[in-house]
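This report concerns only the one structure given below.
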Amino acid sequence: MGCRTAAVACGPVPLTISTVNVNGIRAAVKHRSEANRGLLPWLDTSGPDVVLLQEVRASEELARDALAPVLDTGWHLTMSESSVKGHAGVGVLTRSAPSAVRVGFGSAEFDDLGRYLEVDVDTDLGPLTAGSLYLPKGAALSDAEKDIAKHDEKVRFMREFGAYLDRLVRRRRHVVVGGDWNIAPAEADIKNWKGNLKSPGFLPHERAWVADLLAAGWRDVTRELFPDDAGPYSWWSWRGKAFDNDSGWRIDYQLTNKMLAGRATKAEVERAAAYDLRWSDHAPVTVRYE
């Protein structure tokens, strides 16, 4: 909490929130942890207060086992695993226990698929609602039956989730929804945007959906802090030289309501120093609020 001494006055302690698609929690913690490059060393050095996790791809029991070293030090894990084994799954790590937990957003189709989880937690800046999102990737609309199904699933998710977000943005408290949105909102958010005009994640109706969220009051705090920059990208393919050439996509971001956006002072994508130091194909997106 804030403090005051005879010599020094100090206000609320800053709040740092990170979001990261871990591409499998066990792999991020164990199999990619050599040379001090895994999720646990990152947690120790980056020092976030809230971490929004996506694509956990494990049961809560297995996730807790993987994260045991940090849970033993006082971190709290809240999870929503998918009913499809080894698929999706979202979680939230907090330094204090949440006062409330909500799984999903009231969807009969999606709530048990590990796509969205929300917690309320008390912070030094005041009460916070933090949501972790793993939005379906979708597919370009083609004649293939599989592509049609994936495309239509994403459209249904966006329709239902968008209606929920329209209500959530009006809550009179700090609100953040962070995660893997699987949509690059604008040309500046993809290195090779001209080559991806028909790719899922950059389709016109997907970008229009994000634009509608911003028009409804959501704030893309990273873009606001980097208004003229390409990226900063948060996902790079494992294949080829995408990472080395920084040929990435900005599909991981934090949307906040107006109340919290006004407190955002710094944002960064915590990109690994080299390809072989990556512990996910995504990098953490970290925002400091004061």
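Quick rundown of the values:
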{"quantity": "Rg(Cα) / (2.2 N^0.38 Å) computed for the chain, rounded to two decimals", "calculated": "0.97"}
{"quantity": "Value of Rg to Rh for the stretch 192-245 (Rh from inverse mean 1/r over Cα pairs, i.e. Kirkwood)", "calculated": "1.01"}
{"quantity": "Helical mean residue ellipticity (222 nm; -39500 (n - 2.57) per DSSP H run of 4+; nearest 500) of the chain", "calculated": "-6500 deg cm²/dmol"}
{"quantity": "Ranked order, E145, E55 - accessible area, probe 1.4 Å, largest first", "calculated": "E145, E55"}
{"quantity": "Among S80, V103, S59 the positive-end extreme of the charge dipole of the stretch 30-155 (Cβ point charges)", "calculated": "S59"}
{"quantity": "Label-point gap, in nm, between K146 and D72 - each point 7 angstrom along Cα→Cβ", "calculated": "4.3 nm"}
{"quantity": "Cα centroid of the stretch 150-212 to Cα centroid of the stretch 245-260, whole Å", "calculated": "11 Å"}
{"quantity": "With Cα atoms, 0 to 90° folded angle of helix 145-168 axis to the chain main axis", "calculated": "30 degrees"}
{"quantity": "Distance in nm between pseudo-label sites at A211 and S83 (7 Å out along the Cβ direction from Cα)", "calculated": "3.6 nm"}
{"quantity": "Within the accessible area of the stretch 25-99 (1.4 Å probe), percent carbon and sulfur", "calculated": "46 percent"}
{"quantity": "Nearest-20 debye value, the stretch 132-205 charge dipole, Cβ charges on Lys, Arg, Asp, Glu", "calculated": "460 debye"}
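The values are calculated or read from the model by the stated rules, or taken from the named source; none is laboratory data. Treat the numbers as computed from the prediction; the structure is a model and nothing was measured. Here Cβ is always computed from backbone atoms with ideal geometry, including for glycine, and neighbour counts include all displayed protein chains. Note: accessible area is taken over every heavy atom of the protein model, side chains too, but ligands, DNA and RNA are not part of it. Shrake-Rupley method; radii C 1.70, N 1.55, O 1.52, S 1.80 Å.
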